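Following: one structure in structure tokens, then a few remarks.
Every read-out reported here was derived from the displayed coordinates using simple, explicitly stated rules and does not represent laboratory data. The structure displayed is predicted, hence computed values, not measured ones. All Cβ positions, even for glycine, are placed from backbone atoms using ideal geometry, and neighbour counts span all protein chains on display.
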């Protein structure tokens, strides 16, 4: 029988978490303690029989032994160690891989420590700025951002939540949504099943809110500024909060969510997921996406949803045996701040620093409302096909602020022909691909004119008499 790769550190971590000695665990697995010791030290591979026994004895999801999580941990640590504070230690990628392989808990602890350091540094900067301006301080939060915890949670689940998909399918049956105007059908369902009346309210009465649920009055008020698709989305979101409470609570109790704020934000994100599954039912949406070759605008018209909502839904098509194209997604503002990120394609997206400026999601701001396409090649040679476009949020009136973001979505190059956006592009001419990196510190392309920082593997050498294409680019001696 085929053997499973060596996973000694994971077995050791499981044993310690269960509070078992090697002898006790070996007894439960039906092997000798000496053989378990060899497995834990990667001197013997983990056989399929032992892996199955582990799953039975400890109720394990076998996906926990897949290599994807370790690769993400390695990538995260490499980015962390790209911080200049680590330069003097001379750590290489091999050192990081050894740490993850032999002590994944230690690697995660280092990652958590860096998160805390980042939070403390940000808080110190805020403190300094406020003190210099003479402002009163009532406390500064230095913990990890809840949005980061939720992003990691979504990534760990590959942005697919089967219970919520099933809940959306039940709603379609229970509320008889087929063939009905979705807004009217959902409004009737809320009234009939939950005693909740829906009202469209004027902007002034909403006091800055787009959706407001008054539980004692059993009334859901939606702002008049919401367009039809957004009204449907907010209705479905509220239905999710009312009907999927048990599933939302279970998901939000994940141990990776360590604060009340992150757990609350997770519930909101999962209710949004449910709303998208209601507006764009899985099987119907997947068929339509394949039919129109993932034309985002056409899908938006067909399902009465926004450009961003369609992009998000495309990233969730991960149902086993009914998977869609593996997409990644990123949303940035005009300053380059990343507010949403997910990678189902395998591409690495920066977490602790700015994304590569050569990525077309930044250039989208130069052509508002137009879709820009790009073949992007990472330093390791992997190539992706990317699309990007700006987004403009609905306005509450002339004096309201108008936030503009850009959203980028892409997939591995081998799936590009399944997308209408690849028409007329020579996908085989990889020489024309744009060389994109994760961050400057992790990119070894020293001749890049956009480089803002030196690469960790190339110490900065300054010669005041010689200038390359950038301050950090090497030049040949005469």
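Residues 108, 263, ranked from the fewest to the most other C-beta atoms within 10 Å, line up as 108, 263.
Going from the residue with the fewest nearby Cβ atoms within 10 Å to the one with the most, 382, 390 rank 382, 390. Sorting 331-339, 405-413 by their mean Cβ neighbour count within 10 Å, with the most densely packed peptide first, gives 405-413, 331-339. Gain on full extension, evaluated as 0.36 nm per residue between residue 268 and residue 21 minus their Cα-Cα distance, stands at 84.8 nm. For the stretch 322-442, the relative contact order comes to 30 percent (Cα pairs under 8 Å, sequence separation of at least 6).
The convex hull around the C-alpha trace of the stretch 162-279, projected and averaged over every direction, spans 7.6 square nanometres. If R0 is 25 Å, the Cβ-Cβ spacing of residue 298 and residue 414 corresponds to a FRET efficiency of close to 0.60. Averaging the sequence gap over all C-alpha pairs within less than 8 Å and six or more residues apart, then dividing by the number of residues, gives the chain a relative contact order of 11 percent. Subtracting the Cα-Cα distance of residue 174 and residue 363 from 0.36 nm times their residue separation leaves 63.5 nm of extension gain.
So for 160, 273, fewest C-beta neighbours within 10 Å to most, what's the order?
Working: 160 18, 273 25.
In order of increasing Cβ crowding within 10 Å: 160, 273.
Dividing the Cα radius of gyration of the stretch 8-66 by 2.2 N^0.38 Å, with N the residue count, gives 0.98.
For the stretch 322-442, compute Rh as the Kirkwood radius over C-alpha pairs and then the Stokes-Einstein diffusion coefficient at 20 °C and 1.002 mPa s; write the answer in µm²/s, rounded to an integer. Working shown, then result.
On the way: Rh = 15.0 Å.
Using the Kirkwood radius from Cα pairs, D works out to 143 µm²/s.
In the chain, the DSSP-assigned H stretches of four residues or longer account for a calculated mean residue ellipticity at 222 nm of -13000 deg cm²/dmol, using -39500 (n - 2.57) per stretch and the full residue count as denominator.
Taking the convex hull of the alpha carbon atoms in the chain, what volume per residue do you get, in Å³? Could the numbers behind the result be given before it?
Details: hull volume 107.5 nm³, N = 478.
Taking the convex hull of the Cα positions in the chain, it is 225 Å³ per residue.
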